[in-house]
Amino acid sequence: MRSFLKPLWAAALLFPLQAAMAQTPVYLDDSKPIEDRVEDALSRMTLEEKVALCHAQSKFSSAGVPRLGLPENWMTDGPHGIRPEVAWDEWVQAGWTNDSCMAFPALTCLAATWNPDMSLRYGRAIGEEARYRNKNVLLGPGVNIYRTPLNGRNFEYMGEDPYLASEMVVPYIQGVQSCGVAACVKHFALNNQEYDRFGVDVEVSDRALYEIYLPAFKAAVQRGEAWAIMGSYNLYRGQHCCHNQRLLNDILRGEWGFDGVVVSDWGGVHNTREAAYNGLDMEFGTGTDGLSVSASDAYNHYFLARPFLEQIKAGVIPESVVDGKVRNILRMMFRTTMNPNRPYGSFEDPAHGEAARQIAEEGIVLLQNRDNTLPIRLEKTRKILVVGENAIKMMTVGGGSSSLKAQYEISPLDGLRARVGSAAEVVYARGYVGNIDGSYNGVVSKVDLSESRSADELLAEAVALARESDYVIFVGGLNKNSHQDCEGGDRYDYGLPYNQDRLIEALAEINPRTVVVLVSGNSVAMPWADRVGAIVEGWYCGSEAGHALAAVLVGDVNPSGKLPFTMCTRLEDYHAHALNDSLVYPGVNHREVYKDDIFVGYRWSDKQKKNHRPLFCFGHGLSYTTFEYGKAVLDRKQMTEADSLRVCVSVKNTGSRAGAEVVQLYVSDLKSSLPRPIKELKGFRKVMLQPGESREVEFVLDRTSLSYFDDAKHAWVAEPGRFEVLIGASAEDIRSRVGFELK
Ligand code: BGC
């Protein structure tokens, strides 16, 4: 081209582009601040379009605004993997062949790592899977506090301690959201049991609410900056939590400044007026199967659909009410689907399997190890007997909404066989029959668990094999069937189901090297604890479960998990049960009173006499090496409310294997005007140490570490006086104490 023509060509090319840019609406211009884009999009929407954003259009999606190029919102469970696709309006499989996900360990296991880096990794990996599957909202993580071991959903949560749950939930959210997917923290709030979950009205003191049940949600919102939150099914102060004035308007939005979306739990909305005014933005799962209510427009029957539209049109509800909801929803869309820079995500990625395995390896807890039963010494082993249904049962299927269609799941038996190889013989005996059903919403487990032999025959076979084996690895516990670790119901009792105790006792009598591996998300009674060699809490570990467990059992991995909840000997040793009052648990006539107040978990067991102390306390977990703690040192003996205090302690690996220790810091208020727990967790660090290596661990305390919530003042109060810092390897294994004064 002749050079003098160039500028003309360039101008002709650029002009339409410039003109188009000048016309780009603000809401589509990602160089503009999100709030400007939100207002611009809102101003272009009709009332019908606004209302359509506020309720579902299918089981897991809500409408966008096609006319404006605003896409639909797609949700997915959560929180342990990306749920397989169900039909548009039915709880059956959609029949996709490309929706088998990576299954990550249950959140109890994640919490048991006590490692926020693992939580970030978890969040990133599951966020990538959600993003790849074109979901912009992940329904998780869950942070309801472990109040009773009977709660069928504890496995989806992060344990009994508000500080631990707060520290662990924040990185998960950050990881998910770095993928352009909103984390939807659930279930807000006070959803601490499954029994009567749709009807129970919880009464709780403000003190317990603010100190125990809310902190992890607050951290999720303020530090994690979660873009969404899910209301719970239950009621609080007579109002359902999905449209609860106090929880959603006063606390979540008012006190915490939440600017994201409040999503209802599926079927958690009960009337239009409260749904309109009390903080809810999006209604999902309200009872319609699309057939019995109306075949053609089922979703228009939702409380926030036609009834809402009609009341706005009639002037009963002002349009500003729907505008407020739409602002929140648009803001979430600009953060997710409308963010042109969000990554593409990935699915069935081996890196996700690697993350799942490492999280599991760090979360598995060695509860007991008499005479160094573990690790298995393969060089001296001829035969290993694996006993128990949970050694072969698929645990990624079942449990309720967190059920998955996993790309693969390595069972404990397969994992151990793969690791042991030809080094020893691994034989299997069923031992007991639990629940042979392995299906959920049309996903069917590939393992056939049918068994025709009697309980006595199974026991006799296992005992005979145990006699001739070097090790017995019993893999039992609970499962994901109803009234075990499963949504929709609580456990009926604290004991192990299916007569497992009898079998464990028989095995232990024959073979002292009996190892009990509990696959569960809850504590169970262990009447045989002092007769077995080792006890391992193996959790539900997802796709890589068997590999991770085998690595711990043979010692490739030195266990470093610590309990995120207290394991009591008896059910009555938990405060909610100690009171022996149905009003306290499980409630009477839909009314439940949390008389256990702030004394939940170790906050209760710390105050009990010796014979009511936990079997395995909060923060407990053994290692194949040993750690020695130095003396805790403070940088000063006095602090004021305005400043902070540094605490240093050295930890040394005094054994012969590399290993990680979780150094825990508890604060004790020696004298206070309100009753306080004997101590509370206010810091922890996981440190990896080579044999002989030692490290200085540092913590910083400030007034928040010393405060309690004063109901009367409705404020956090750090009361002047004497405090003590306790450094320990668990809540009961305190290695060093040092005092200071708050001026
Ligand atoms: C559960 C939620 C879940 C939702 C969607 C409800 O039954 O309580 O946790 O996210 O279903 O599956």
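The values are calculated or read from the model by the stated rules, or taken from the named source; none is laboratory data. Being a predicted model, the structure only gives us computed values, none of them experimental. Methodologically, a virtual Cβ is constructed for each residue, glycine included, from the backbone with ideal geometry; neighbour enumeration extends over all protein chains shown.
Residue-wise test of (1) touching a helix residue (DSSP H, G or I) at 6+ places or on another chain (Cβ under 6 Å); (2) free of Cβ contacts under 8 Å to residues at least 12 places away in the same chain; (3) more than 16 Å from the ligand (Cβ to nearest atom).
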site	(1), (2), (3)
TYR408	yes, no, yes
SER411	yes, no, yes
SER445	no, no, yes
VAL472	yes, no, yes
CYS486	no, no, no
ASP490	no, no, no
LEU503	yes, no, yes
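Quick one: in the range 523-560, of everything that is closer than 16 Å to ASP371 by Cβ and out of contact with any Phe, Trp or Tyr (no Cβ under 9 Å at 6 or more places or on another chain), which residue is surrounded by the fewest Cβ atoms within 10 Å (Cβ to Cβ)?
Among residues in the range 523-560 that are closer than 16 Å to ASP371 by Cβ and out of contact with any Phe, Trp or Tyr (no Cβ under 9 Å at 6 or more places or on another chain), the one surrounded by the fewest Cβ atoms within 10 Å (Cβ to Cβ) is ASP530.
Being closer than 14 Å to CYS179 by Cβ and in a loop (DSSP other than H, G, I, E, B) narrows it down to one residue among ILE126, ILE145, ILE82; which is it? First the steps, then the outcome.
Details: ILE126 fails: in a loop (DSSP other than H, G, I, E, B); ILE145 fails: closer than 14 Å to CYS179 by Cβ.
Criteria check complete, one pass: ILE82.
So how many residues does the range 265-322 have that are within 16 Å of the ligand (Cβ to nearest atom) and either modelled with pLDDT under 95 or not aliphatic (A, V, I, L, M) (or both)?
Of the residues in the range 265-322, the ones within 16 Å of the ligand (Cβ to nearest atom) are 265-270, 280-289, 299, 302.
Then drop every residue that is not either modelled with pLDDT under 95 or not aliphatic (A, V, I, L, M) (or both), which leaves 265-268, 270, 281, 283-289, 299, 302.
Number of matching residues: 15.
Tally time: how many residues in the range 335-368 are on the phi < 0 side of the Ramachandran plot and assigned to a loop (DSSP other than H, G, I, E, B)? Give the derivation first.
In the first step, residues of the range 335-368 are kept if they are on the phi < 0 side of the Ramachandran plot; the result is 335-344, 346-347, 349-368.
Filter once more, so that each one left must be assigned to a loop (DSSP other than H, G, I, E, B): 336-344, 346-347, 349, 364.
Counting residues in the range 335-368 that are on the phi < 0 side of the Ramachandran plot and assigned to a loop (DSSP other than H, G, I, E, B) gives 13.
For the condition modelled with pLDDT of 95 or more, farther than 21 Å from ALA551 by Cβ, assigned by TED's automatic domain parsing to the domain that holds LEU465 and surrounded by 20 or more Cβ atoms within 10 Å (Cβ to Cβ), what is the one hit in ALA406, ALA429, ALA391? Explain how you work it out, then say what you get.
Details: ALA406 fails: farther than 21 Å from ALA551 by Cβ; ALA391 fails: farther than 21 Å from ALA551 by Cβ.
Testing whether each residue is modelled with pLDDT of 95 or more, farther than 21 Å from ALA551 by Cβ, assigned by TED's automatic domain parsing to the domain that holds LEU465 and surrounded by 20 or more Cβ atoms within 10 Å (Cβ to Cβ) leaves just ALA429.
Quick check on my filter: what residues within the range 195-223 are of a type in the set (Asp, Glu) and more than 16 Å from the ligand (Cβ to nearest atom)?
If we filter the range 195-223 for residues that are of a type in the set (Asp, Glu), which is where we start, we get 196, 201, 203, 206, 211.
Listed by number, the residues that qualify are ASP201, GLU203, ASP206, GLU211.
Do we have any residue at all in the range 128-136 that's farther than 23 Å from VAL261 by Cβ and either surrounded by 24 or more Cβ atoms within 10 Å (Cβ to Cβ) or within 15 Å of the ligand (Cβ to nearest atom) (or both)?
Filtering the range 128-136 for residues farther than 23 Å from VAL261 by Cβ gives none.
There is no residue in the range 128-136 that is farther than 23 Å from VAL261 by Cβ and either surrounded by 24 or more Cβ atoms within 10 Å (Cβ to Cβ) or within 15 Å of the ligand (Cβ to nearest atom) (or both).
Based on this model, can you work out whether ALA226 counts as within 16 Å of the ligand (Cβ to nearest atom), part of a helix (DSSP H, G or I) and of a type in the set (A, V, I, L, M)?
Values: within 16 Å of the ligand (Cβ to nearest atom): yes; part of a helix (DSSP H, G or I): no; of a type in the set (A, V, I, L, M): yes.
So ALA226 fails the test.
Since ASP597 meets every condition but one in (1) part of a loop (DSSP other than H, G, I, E, B); (2) on the phi < 0 side of the Ramachandran plot, which condition does it not meet?
All conditions are met except number (2).
For every residue, the table says whether it meets (1) assigned to a loop (DSSP other than H, G, I, E, B); (2) under 12 Å from the mean Cα position of the chain (by Cα); (3) not assigned by TED's automatic domain parsing to the domain that holds VAL262.
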{"position": "THR108", "(1), (2), (3)": "no, yes, no"}
{"position": "ALA112", "(1), (2), (3)": "no, yes, no"}
{"position": "ASP117", "(1), (2), (3)": "no, no, no"}
{"position": "LEU120", "(1), (2), (3)": "no, no, no"}
{"position": "ALA130", "(1), (2), (3)": "no, no, no"}
{"position": "PHE155", "(1), (2), (3)": "no, yes, no"}
{"position": "MET158", "(1), (2), (3)": "yes, yes, no"}
{"position": "TYR163", "(1), (2), (3)": "no, no, no"}
{"position": "SER166", "(1), (2), (3)": "no, yes, no"}
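Sort out which residues of the range 38-64 are outside any loop (DSSP other than H, G, I, E, B), away from the ligand (no atom under 16 Å from the Cβ) and under 21 Å from ALA275 (Cβ atoms), and write them in order of number.
LEU42, LEU47, GLU48, GLU49, LYS50, VAL51, ALA52, LEU53
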